[in-house]
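The values are calculated or read from the model by the stated rules, or taken from the named source; none is laboratory data. For clarity, every value in this text was computed on a predicted model and none was experimentally measured. Cβ sites come from the backbone with ideal geometry, for glycine too, and all protein chains shown count toward neighbours. The area values use the complete protein model at the heavy-atom level, side chains included, leaving out ligands, DNA and RNA. Shrake-Rupley method; radii C 1.70, N 1.55, O 1.52, S 1.80 Å.
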Amino acid sequence: MAFEFINSGLDGVMLVKPEIFSDKRGVFSEVYKSSGFKSAGIPADFVQDNCSVSKYGVLRGIHYQKTPYAQAKLVRCVYGKIYDVAVDLRPASKTFKKFIRVELSEENGNALFIPKGFGHGFVALSKEAVVVYKTDCEYNPDADCGIFWADKDLDIDWGIDFEPVLSDKDLALPRLEEVLV
């Protein structure tokens, strides 16, 4: 079994395409193999798995954790379809404030690896979307942070033509300029 690792153009962010086998019984693929990821330059040692279920139009994000609890993530949509977004929040980076948006779905089986220092969010594009992701650092509520999803300074194209459904917490997130002060 093999993975194809595609560089996104943002330092460290990789689209991961698994080899998928299909026959009359259904489908099978490996979704993570430590040796394969390490050989592709992704040395993350994952310590926590998370799962979220979202209805159509729900937008979650942009979330991240502050150092020393910053998290690298491996994100996959196992049911339904989402647009997944990673945005570079590292001020010293050449790609600071740049983002990538990819479609993740049960159909394509792809995953997105997001390194530490990036914000993450997604919007559900199907009636229901189940997203699972691994992190290399356990969640710490004191390090929990975020940036408002529609921050004009980031100008993220979420690829949607509707008003997303957001939590009260996500609606109250600060703008990037407020976080950098």
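In this structure, does LEU180 turn out to be at pLDDT 95 or above and under 14 Å from VAL87 (Cβ atoms)?
It is false that LEU180 is at pLDDT 95 or above and under 14 Å from VAL87 (Cβ atoms).
Would you tally the residues in segment 6-31 being within 20 Å of CYS77 (Cα to Cα) and either surrounded by fewer than 17 Cβ atoms within 10 Å (Cβ to Cβ) or over 19 Å from the mean Cα position of the chain (by Cα) (or both)?
13
Looking only at residues in segment 41-53 that are surrounded by fewer than 16 Cβ atoms within 10 Å (Cβ to Cβ) and small (Gly, Ala, Ser), which one is modelled with the lowest pLDDT?
Ranking the qualifying residues of segment 41-53, first place goes to GLY41.
Could you pull out every one of the strands (runs of 3 or more DSSP E) wholly within segment 71-181 that has 2 or more residues that are of a type in the set (Gly, Ala, Ser)?
118-124
Is one or more of the residues making up segment 96-115 surrounded by 20 or more Cβ atoms within 10 Å (Cβ to Cβ) and out of contact with any strand residue (DSSP E or B) (no Cβ under 6 Å at 6 or more places or on another chain)?
yes
How many of the residues making up segment 126-141 are touching a strand residue (DSSP E or B) at 6+ places or on another chain (Cβ under 9 Å) and either open to solvent by 40 Å² or more (accessible area, probe 1.4 Å) or β-branched (Val, Ile, Thr) (or both)?
10
Are any residues in segment 54-63 under 13 Å from VAL165 (Cβ atoms) and surrounded by fewer than 21 Cβ atoms within 10 Å (Cβ to Cβ), and if so, which ones?
LYS55, TYR56, GLY57, VAL58
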